[in-house]
């Protein structure tokens, strides 16, 4: 247990006190992230309340297949992340590292599909702030612009957070390579897993609100 | 609580100020919460001076009804600067980042905060935000007020709105990081025996403030980001032409900004509870009620933001709901004021500088809080909304309340922070000057407000001239009043008499450590056995200082 | 280990359920149903993937705090939006 | 001291029916809160003097039940606050009451740094508002750019003008005179210049004033001219080649829409159909009408809407 003892940072008395503080700190950070995305969900709720019919029409324009596949990809990456966390705590670091790489690649697959979707919407002229002429024939073009502004803002912010998650996991991958004690990698993967699952939870709500409003 | 620890001969153990490496680089890369508190004290004082200069400019301009000192453009950018700098760069971080950073670990018997590196990052994020804001100011300032209302901020303002928004967005993360640090520390690092109801009220206040910081600031971050994106890339969210709703911005903005005013005042309440109990030599009256009312203010503070929008086109039902909740949020504040007064009853009261600041706080905060009731009752708010009545109300709470408490706290814990004593005479003179100057400045604004003098007016109609002249004179006295503590504490830093570890003979763990404390605060982890404020007014104590 | 795989299977099932539900013409009920399923998926992820089922009450409170405060923001601001007379909604008028 | 300043200073400070009730509530709260503030300050001073450190006085605490005072100073303020809330709320409900039908309906348009007022008879004023005394007035507010706020301190009236929607405020001037009009919501560079005055005149003076006002065409007449110049009549005229709904007598009629809904053609519907034509397309017609959102200013829109409201079979354009 000696090497676990020197893993305790100087301001803590004991190991579990440090673990408690780190976990609590991470969860509070996730609460701030929930409220950060919450502001946009509030905007979505208000505008959907004002013009429900346009939102349903606009939702039909999105590529449901790509959205569903993306959700499945992200759920799978959550699984591999949870498994990595499980294996590192069981002491099997090689498996954990492999699952970590799998999670990162699933995240990149998500971003690729998302990129394809954005390109498809760009070609349909549905990006209000990029396409010079916003193609919309089903009436109330400005409210549809509002929907797509919110869509690109929220899914863009989510994609950014997912990308940051991928970078975080890649850094974890390299730091944990050394053969040193398992305590520090366990803590690092536990906290990164919490962040990754949070990003997945955000998408779990984004998907029905945008793609399934039909 | 035995005071038997060594009498605090600071030379025996190197204090955090003097121990090696004290090069500039060591100070800038320190993870010692006490040195980070100093970094914050320096940067916060700098921004207090900038905001104060802007305030003086405004008051000088308003002496005459016509705009002769500043152009309309200049005036709008000056009051916007005053708002942004004072709110986000002085009031929100002031007590938590300085006194909170310094005292929280010592008060709970810990060696440092839970995440020292995060604490240093919080200062660098503050500085990064400050750079953006200073750039926005130097490059011409911003003319939207500190409230950034859309569509003015997103479509019609032509100042450096985006730079100011990024500045505020970044400094928001500084207070989120501080909040996370404090919550984790209070929950997991209390000394053995230090249960929740043995915590000093200052720790309760900082804990409640940290909760608000963490739960409110993210909404501000996303709201301002949306305005910046709308301005930069025309991603129309609040654009009325697209069917966007300007009131949505107000809902999101005030969901942060009203709890933000409780971020500013709660630490002040914590400081005052500590000072009054120490100089009245008496246990706080109703400790549990005081602790619970701190949490009650923090929670109900999130339910009342709609009272900023009574006349902005909000529905009647919402206005009535927010009006009722705004009355309820006043109850815990009233409880605290009555409990402070009851603490003085049958105490043994000493009138040191810090005590004068605390008593000034209670008097001014009472007036500030009660005028808030006028604004909460919907019918009166129709008359006084966006007038100088509101300006006077929130200055009574922020300047009369929070700044008095901040200065009181600085004086009260100055021996612990610097190991030196300041001149009592000048501390009392500055407290009284600030009290008089403050009332002279802001009391006329109540009357002017009800008579209809609108806010943010560069030129005004002649019938309000006399009120503005009195207010401007008061402002000059107030500005002078603020210089005194700066000089007094600055002087005492180098030439003040050495103070023992407990010059005010106060209870609390922080007074058991040396003054100034060693890097790890305590030689051995202290044991807490009794409830806080273990004073007894009956035993004679004449407030003598160590010679 | 097995529990994680079971959770994953449940999540995929819920995903297909919510996609299927979107094709059924529920109109007024489509939003509550899709959000209900999303909440169920979130509960699963938080309980098993994020191990809240084994966590201390303090961690659970911290986990719930974010969503509770978001609920405060949504519910109280809808005390304004829900009662706006249609003409008063943006672009309508009742001169 | 120009004559406007004199006129303002001679006019009373409470000049609307609601003003005296608001003042009553204000002074009631002032006295109660004054007593509380005074009480706290006097108590503090008294304790400070009586129990200062030098003084020898009996300091043994005999109060057994420490919770009783706490419940008192939670309960009593709670009751007082609820009382004031109810009083304030009932007063606010009177502000929000729907104005009576015969109220004088004035359109107030906030534009960056000026107020424009339109009387029903078509008279237009900038930064000035002439209204008759003792007659309910409804000011319907809208804004062409940022948020402004219509504030007349003497009437205790304030209401934001929000772009993209109408808000309204109703009051009844009770005293003739000249009263200050301010913009209370910060709206940019010349926010402090965006002020004017409200002239309250006797009904007879008001009628005379209306006539002397250069006879700008009534809103409806101006609207009829715009109906032609903006090209509405091109499609909506009876003999037009284009298949478009006939708008004569449209106001107040039940309209059946393409998607099966049917609604009463009120001003909201008319305004929508001009700015967002495809929103509620009438049954039997195609959504070919272009949006006029950016060709019409708020002012012109009001005139066309006024014209449509009393455009009936008699006069086909």
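Summarising the label geometry, the points placed 7 Å from Cα in the beta-carbon direction at residue B:497 and residue A:53 lie 8.3 nm from one another. To the nearest 0.05, what FRET efficiency results for residue B:527 and residue A:95 with a Förster distance of 60 Å applied to their C-beta separation? E(calc), rounded to 0.05, equals 0.85. In terms of the mean number of neighbouring beta-carbon atoms within 10 Å, the peptides B:325-333, B:46-54 order highest first as B:325-333, B:46-54.
Between D:116, D:55, D:303, the GNM of chain D built on Cα springs shorter than 10 angstrom shows D:55 fluctuating the most.
Sorted largest first, the spans of the alpha carbon positions of the range C:1-50 along the three principal axes are 39, 16, 7 Å.
In this simple spin-label approximation, residue A:160 and residue B:60 carry label points 7 Å from Cα along the Cα→Cβ vector, and these lie 4.1 nm apart. Inter-chain neighbour count for D:77-89: the average number of beta-carbon atoms from partner chains within 10 Å of each residue's beta-carbon is 6. For the segment B:459-466, counting C-beta atoms of other chains within 10 Å of every residue's C-beta and taking the mean gives 3.
Counting only DSSP beta bridges with both residues in the protein assembly as shown, the antiparallel share comes to about 70 percent. Modelled spin labels at residue D:258 and residue B:69, positioned 7 Å past Cα toward Cβ, are 6.3 nm from each other. On the beta carbon distance between residue D:235 and residue B:234, with R0 = 30 Å, the FRET formula returns roughly 0.40. Sorted from longest to shortest, the spans of the Cα atoms of the protein assembly as shown along the three principal axes equal 104, 80, 55 Å. The helix-based estimate of mean residue ellipticity at 222 nm for the protein assembly as shown, built from -39,500 (n - 2.57) per DSSP H run of four or more residues and divided by its residue count, is -20000 deg cm²/dmol to the nearest 500. Using only Cα atoms, tell me the angle between helix B:465-495 and the longest principal axis of chain B; keep it within 0 to 90° and round to the nearest 10. Tilt relative to chain B: about 30 degrees. Build a GNM of chain D with springs between Cα atoms under 10 Å apart, and of D:187, D:33, D:232 the one that fluctuates most is D:33. Per residue of peptide B:144-152, the mean number of Cβ atoms on other chains within 10 Å of the residue Cβ is 4.
Three principal axis extents describe the C-alpha atoms of chain A; from largest down they are 71, 30, 26 Å.
Beyond 34 Å, what share of the Cα-Cα pairs of chain B remains, rounded to the nearest whole percent? Roughly 36 percent, rounded to a whole number. Where is the GNM fluctuation largest for chain D (alpha-carbon springs, 10 angstrom cutoff): D:101, D:185, D:299? Looking only at D:101, D:185, D:299, the largest GNM fluctuation is found for D:101. Among B:356, D:30, A:164, D:276, the order by Cβ neighbours within 10 angstrom, fewest to most, reads A:164, D:30, D:276, B:356.
Look at B:168, A:199 and count the other Cβ atoms within 10 Å of each Cβ; fewest to most, that gives B:168, A:199.
What the Cβ-Cβ distance of residue D:17 and residue D:57 gives, at R0 = 51 Å and to the nearest 0.05, is a FRET efficiency of 0.35. Label reach from residue D:5 (point 7 Å along Cα→C-beta): in the range B:37-71, amide nitrogens under 15 Å belong to B:63-68.
Against the main long axis of the alpha-carbon atoms of chain D, helix D:17-50 sits at an angle near 30°. Ordering D:58, D:266 from the fewest to the most neighbouring beta carbons within 10 Å gives D:58, D:266.
Between the Cα long axis of helix A:64-89 and the first principal axis of chain A there is an angle of about 10°, rounded to the nearest 10.
Every number in this text was worked out from the coordinates using simple rules, so none of it is lab data. For clarity, every value in this text was computed on a predicted model and none was experimentally measured. Reconstructed Cβ throughout: ideal geometry from the backbone, glycine too, with neighbour counts over all protein chains shown.
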